[in-house]
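Values quoted throughout were computed directly from the atomic coordinates according to the rules given, and no laboratory measurement underlies them. From a predicted model like this one, the values you see are computed outputs, not experimental measurements. Ideal geometry is used to build each Cβ from the backbone, glycine not excepted, and the neighbour counts take in all protein chains shown.
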Amino acid sequence: QKEVEQNSGPLSVPEGAIASLNCTYSDRVSQSFFWYRQYSGKSPELIMSIYSNGDKEDGRFTAQLNKASQYVSLLIRDSQPSDSATYLCAVYSGGGADGLTFGKGTHLIIQP
Amino acid sequence: SAVISQKPSRDICQRGTSLTIQCQVDSQVTMMFWYRQQPGQSLTLIATANQGSEATYESGFVIDKFPISRPNLTFSTLTVSNMSPEDSSIYLCSVEDLGGQSSYNEQFFGPGTRLTVL
């Protein structure tokens, strides 16, 4: 059974600070890792993908992957109120219907 | 990335009836998927819609309940059959856009169909 675990939150962060979101996964053969942002009433929006160990930066977002520890994280620098949303961690492991396995999401609140 | 549309955007249905949801993409894509997001929950994969062959279902989902069609590389339908209140959910299609500037296994989601079963 493939599992992706996230702290559901809410995680409250002051505006301008760094928000740190974490995710662990159970399937060691997982190959690809993604962070989606979902605003209330909207569909998920892909914000980061990462495939190799280490850090990947894109603007204010940094994804970090540690396959040995089966751990993925997302850092959001200079947090803005518009970053308030639910962040979903998703993992691709192949097999079955060959789609993504999602965590339950972390609800992030940026306090002005 | 591809532009994805879904119809209907929402519907309220009576138990025992069926609803077909359409997903249209503005470019040809190899992989299309259907997910369900139950109230307050995360996304669960229902199946991969395969062009020209039967869909591949994730464990816990069956063709009789969720028949899927994929007649070409831009279109797919998901039918929710013999509905019960437990089927109330948001149904989302996604595509794995292997063209353009996307990377491996990246999926992009349509706007979703919000289904309420009474």
Checklist outcome for this item: Quotient of Cα radius of gyration and Kirkwood radius for the protein assembly as shown, i.e. Rg/Rh, equals 0.97
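GluC sites (Glu not before Pro) within segment A:1-63: which are DSSP loop residues with at most 14 other Cβ atoms inside 10 Å? Walk me through the intermediate numbers first.
Working: sites: A:E3, A:E5, A:E15, A:E45, A:E57; in loops: A:E3, A:E15.
Sites meeting the loop and neighbour criteria: A:E3, A:E15.
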Next on the checklist: As an exercise, use a Förster radius of 35 Å and the Cβ-Cβ distance of B:L118 and A:E45 to find the FRET efficiency, rounded to the nearest 0.05.
Outcome noted: 0.70
Checklist outcome for this item: At 10 °C in a medium of viscosity 1.306 mPa s, chain A has a Stokes-Einstein diffusion coefficient, with Rh taken as the Kirkwood radius over alpha carbon pairs, in µm² per second, of 113 µm²/s
Item to check | Lysine pair count for chain A [Cα-Cα under 22 Å; pairs on different chains or 8 or more apart] | outcome: 5
Checklist entry - Once the dipole of segment B:1-63 is set up with Lys and Arg at +1 and Asp and Glu at -1 on Cβ about the Cα centre, which of B:A49, B:T30, B:G60 lies farthest towards its positive end? => result B:G60
Checklist entry - Scattering from the C-alpha atoms of segment B:24-87 alone, worked out with Debye: what is log10 I(q)/I(0) at q = 0.22, 0.25 1/Å? => result -0.94, -1.11
Next on the checklist: Is there a quick way to get the dipole size of the protein assembly as shown? I mean about its Cα centre, with the Cβ of Lys and Arg at +1 and of Asp and Glu at -1; what is the value in debye to the nearest 20?
Outcome noted: 320 debye
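Rounded to the nearest 0.05, what FRET efficiency do B:S81 and B:Q22 have when you use their Cβ-Cβ distance and R0 = 22 Å?
For B:S81 and B:Q22, the calculated efficiency is 0.90.
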Checklist entry - Give or take rounding to whole Å, what are the principal axis extents of the alpha carbon atoms in chain B, in descending order? => result 42, 28, 23
Next on the checklist: Using a 10 Å cut-off around each Cβ of peptide A:44-51, what is the average number of partner chain Cβ atoms that fall inside?
Outcome noted: 4
